[in-house]
Amino acid sequence: MGGLDVISVNLTLWSFVLLALKDPRRDFKRVHVVRKAPPTSSLKAENDVDESKVWEEAYPPTLRRRIPWVLTLVISIPLPNWHTGDPTHDNRQPASSNASRRTFALSALRHIITGYLLLDLTSFHVRTDPYFHDPSIPISSATPSSSSPLPFLHMLPPRILRTTILAAQIYALIPCLFHLPVLPAIALSHLAPSLLPDEWSPHTWPPFFGPFSAVSRHGLRGLWGSWWHQMSRQMISPPGRALANVMHLNPRSQLRYMLVTISAFGLSGVVHMGLVPPRPLHTTMTPMEMRMRIGSFFWVQIAGFAIEVVVSGIFRGAGGRVSGLVKRVVLLVWVSAWLCATLPLVVPPFRELRYWSVYPIPVSIFQGLFGDGWLQWA
């Protein structure tokens, strides 16, 4: 492509981890979960799990068994159902879901519909907000309520409103991208188990997102470490862990934690720089300037983590105590304020690339209800 792109950077990092930082042949073990269902009903046999048998498979001695072992490892980017020698990861394995194909498919469909509606609603507002189209409009400028079809949104301060819209769009896109390919794969695993066995079928995977309650319990660390998807975690954090191991740091030391944090967000910023094409058309910013702005959003999260670690350490050292409800409210306010300050970093390059000049979905329910046409790509 003549420049950075997300897929190539991800593959480079994953190859670097498996070939240089880890020794899968020595340390990795594939965790197999064999499910046994009661034979009383064919429907129950597919959907209910009465007992499971878990066993480990180290690097196989024969080529015939090595091929599926290696192929499974290469595609298991979050490393579910793998023991790697890292206690933090291994203690959560096996990670397979007990959901049936039907349950997982319904969950995926719910995420797709929710993301679609949320993306439609936010795009319905974005088309009338000049901030998302005109670089001269600051984020704190008043929104033109007269032209907006959703005037109730203008009760929020402009920065909070626009940051919320941006965050909602990002969140809406990710579940749709993750779950849309899942439905055909589940259908294939049901119709042709020999082509897509259970151990590769999406219905046995752990959920893409964790519980949102992690944000109110752990702040930014809960947002990025538990709630947000962990698809890249095993690619971007191992360099920091490897450096900490070379320095013989205590597994619970704050320095080790910050090294892993710097590695994770530093490399995540590099990965997302690939969202900018090598030669974008009709832009006033250079490609590298746009890449640096996108990367900076991830890099400043390191400072956010450091603030949390320092403040929580001072608070504990002073013997401070607060009720659970107060703590949750304070952490939610802190995370919201931090995102209001940092998320707008990605707006200038996205605006330059005209992300908001085209309606992102082909059929708009909100546009249709307000008389602006149902079909957006016609």
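The values are calculated or read from the model by the stated rules, or taken from the named source; none is laboratory data. These figures come from a predicted structure and were not determined experimentally. Backbone-built Cβ (ideal geometry, glycine too); neighbour counts: all protein chains shown. The accessibility values were calculated without ligands, DNA or RNA, using every heavy atom of the protein model including side chains. Shrake-Rupley method; radii C 1.70, N 1.55, O 1.52, S 1.80 Å.
Quick one: is residue 294 in contact with a Pro (Cβ under 7 Å, 6 or more places away or on another chain), at pLDDT 90 or above and not aromatic (Phe, Trp, Tyr)? Yes: the conditions hold for residue 294.
Filter the stretch 149-164 for residues that are out of contact with any Leu (no Cβ under 8 Å at 6 or more places or on another chain) and either surrounded by 16 or more Cβ atoms within 10 Å (Cβ to Cβ) or β-branched (Val, Ile, Thr) (or both) and give the result. Matches in the stretch 149-164: 158, 159, 160, 162. So, residue 77, is that one modelled with pLDDT of 90 or more and open to solvent by 30 Å² or more (accessible area, probe 1.4 Å) or not? No, not satisfied.
Could you grab me the full set of residues in the stretch 224-244 that are in a loop (DSSP other than H, G, I, E, B) and either β-branched (Val, Ile, Thr) or buried (at least 17 other Cβ atoms within 10 Å of the Cβ) (or both)? Selection gives 228, 230, 232, 237. Residue count for the stretch 270-299 satisfying the condition of being more than 21 Å from residue 13 (Cα to Cα) and either assigned to a helix (DSSP H, G or I) or of a type in the set (Gly, Ala, Ser) (or both): 4. Taken together, 360, 348 contain a single residue that is buried (at least 18 other Cβ atoms within 10 Å of the Cβ), at negative phi and within 24 Å of the chain's Cα centre (by Cα), which is 360. Summed over the stretch 193-223, the residues that are outside any helix (DSSP H, G or I), out of contact with any Gly (no Cβ under 9 Å at 6 or more places or on another chain) and open to solvent by less than 20 Å² (accessible area, probe 1.4 Å) give a count of 1. Just one of the listed residues (330, 326) is surrounded by 13 or more Cβ atoms within 10 Å (Cβ to Cβ), aliphatic (A, V, I, L, M), more than 23 Å from residue 126 (Cβ to Cβ) and free of Cβ contacts under 8 Å to residues at least 12 places away in the same chain, namely 330. Specify the residue that is most open to solvent (accessible area, probe 1.4 Å); the eligible residues are those in the stretch 250-273 that are over 16 Å from the mean Cα position of the chain (by Cα) and among the small types (Gly, Ala, Ser). It comes out as 253. Scanning the stretch 165-190 for residues that are free of Cβ contacts under 8 Å to residues at least 24 places away in the same chain and open to solvent by 70 Å² or more (accessible area, probe 1.4 Å) gives 177, 181, 184, 188.
Looking at the stretch 40-56, can you tell me whether even one residue there is part of a helix (DSSP H, G or I), modelled with pLDDT of 90 or more and either loosely packed, with under 15 Cβ neighbours inside 10 Å or over 24 Å from the mean Cα position of the chain (by Cα) (or both)? Taking every residue of the stretch 40-56 in turn, none turns out to be part of a helix (DSSP H, G or I), modelled with pLDDT of 90 or more and either loosely packed, with under 15 Cβ neighbours inside 10 Å or over 24 Å from the mean Cα position of the chain (by Cα) (or both). Residues considered: 92, 110. Of these, the only one that is outside any helix (DSSP H, G or I) and either surrounded by 14 or more Cβ atoms within 10 Å (Cβ to Cβ) or free of Cβ contacts under 8 Å to residues at least 60 places away in the same chain (or both) is 92.
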